[in-house]
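Okay, structure first, notes after.
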Amino acid sequence: MKILLFSQHYYPEPDLMHKLCIGLMRRGHTVSVLTGYPNYPQGKIYPGYNQRLLKKEVVNGINITRLPLYPDRSSSFTKRSLNNLVYPLVASILGPFVCGNADVMMVQSPPITLGIPSYIISRIRNIPYIFQIQDIWPETLVATGMINNNKILNALVRLGTFTYNNAAAIAVISPGFKNNLIGKGVPPDKIHVIYNWAYEGEFPLKEPDPALATELNLIHRFNILYAGNMGPAQGLHNIIDAASLLTDLEDLQFVLMGSGIDMNNLKSMVSLKRLKNVKFLPRIAMDMMPSIYALVHAVMIHLTDDPLFEITIPGKTQSCLLSGCPIIASVNGNAADLIRRADAGFAVEAMNPIELAQIIRKLYSMQPHERDSMGARGRQFYFEHLSPDVGAKQYEKIFNKVSSNHKKGI
């Protein structure tokens, strides 16, 4: 089968679909990609790439066609809007003529604005499309404070309805997403829940590196790691509040690794509270994360209290399960349910620093073998239910069904 992936972002950006494409190729399919120029997460075009009207390359046997976009990761509404509009516009014009033939097309969203070129390519090239949803729009835009204009939000709702109606199938990453779409009138049998896999890929566990631990000041500490974005959606001030309740545990250390628009505020909060049990580390290369996991005693999933986040499973959930560390999930809803199902740690109410501190005390007091067992259960659960191989098999079933129905005119 010939499969076309259509996405604004793709490898070498932090990306889930490249692993899926490789998995599908191993299963005997031909895979091509229509995407933009790599710029995520900094919003700057990667070294070695210069934007021009068209660029073709081959990576791991996958033919990739890149079209221009407007790179941006700022908080500017205008710039973010251009980021979500320019690439779909260019793809609407050029996409049908450069994407090649395919039996099925999978579209990765966000942005929802990819629904327009998806429809155009589908009609002109006679390719049915599967719409794969990583974030529910426009709810995500409201929850993160990006858009509050009702006219724009209503337009995005109408675009979503148009896109879902014309998709041959829809794939979502959580049961809550499926319920959300059903509430919008999408037929339940059109929606398939397929969990994401870890961005890092399937890495072996590493032994602790004392030199690295010393360099990062993680040695002789009980380290609890949060790694990722530090923005309003994460609500990480809750961790600072919990840390202030745990100062009696002298070797306990919260490690906040990453970057984001809230980072300076978080540092100011730590300074104001005169906390010595919170350490900030910069974002590091993804292939270094297994070495970091080997130096910490627990990993965290953290989101603020918002109805949208109850149906969201953030990407770090899979990475945490694969890490081999016990997990503390300070989040409500589907992500917490997944951690409980895996029996890989503890889930606490979002934005409740007292409960978070109590659970951390409990984890701290456990025997090392008990914590190791939690981490092992999470890792086993990942391989059995969330790995790229599992995902490739599930997507393959959808592609076969959609392609068969399309040929029959169904």
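The values are calculated or read from the model by the stated rules, or taken from the named source; none is laboratory data. Just so we're clear, the structure is a prediction, and the values are computed from it rather than from any experiment. Every residue, glycine among them, receives a Cβ derived from its backbone with ideal geometry; neighbour counts consider all protein chains shown.
Observations on the model:
- Hits in segment 203-249 - residues which are touching a Leu at 6+ places or on another chain (Cβ under 8 Å) and on the phi > 0 side of the Ramachandran plot: Gly235
- Annotation note: of Arg361, Arg340, Arg379, the sole residue that is assigned by TED's automatic domain parsing to the domain that holds Asp241, modelled with pLDDT of 95 or more and touching a strand residue (DSSP E or B) at 6+ places or on another chain (Cβ under 8 Å) is Arg340.
- Candidate set: segment 15-55, residues that are assigned to a loop (DSSP other than H, G, I, E, B) and charged (D, E, K, R); chosen: the one modelled with the lowest pLDDT: Asp15
- For segment 301-324, the count of residues that are in contact with a Gly (Cβ under 6 Å, 6 or more places away or on another chain), part of a loop (DSSP other than H, G, I, E, B) and over 26 Å from Leu141 (Cα atoms) is at least one.
- Residues of segment 62-104 that are of a type in the set (D, E, K, R) and either part of a helix (DSSP H, G or I) or in contact with a Phe, Trp or Tyr (Cβ under 9 Å, 6 or more places away or on another chain) (or both): Arg66, Arg73, Lys79, Arg80, Asp103.
- Segment 373-394, subset assigned to a helix (DSSP H, G or I) and aliphatic (A, V, I, L, M), residue surrounded by the fewest Cβ atoms within 10 Å (Cβ to Cβ): Ala376
- Counting only residues that are in contact with a strand residue (DSSP E or B) (Cβ under 8 Å, 6 or more places away or on another chain) and of a type in the set (S, T, N, Q), segment 287-318 holds 1 of them.
- Every residue from segment 180-189 that is surrounded by fewer than 16 Cβ atoms within 10 Å (Cβ to Cβ) and either touching a residue at least 12 places away in the same chain (Cβ under 8 Å) or β-branched (Val, Ile, Thr) (or both): Ile182, Lys184, Gly185
- Search result, residues across segment 37-88 that are more than 28 Å from Lys2 (Cβ to Cβ), surrounded by 15 or more Cβ atoms within 10 Å (Cβ to Cβ) and in contact with a Lys or Arg (Cβ under 7 Å, 6 or more places away or on another chain): Pro71, Asp72
- Members of segment 237-274 that are touching a Ser or Thr at 6+ places or on another chain (Cβ under 7 Å) and either of a type in the set (Gly, Ala, Ser) or in contact (Cβ under 8 Å) with a residue 60 or more places away in the chain (or both): Asn238, Ile261
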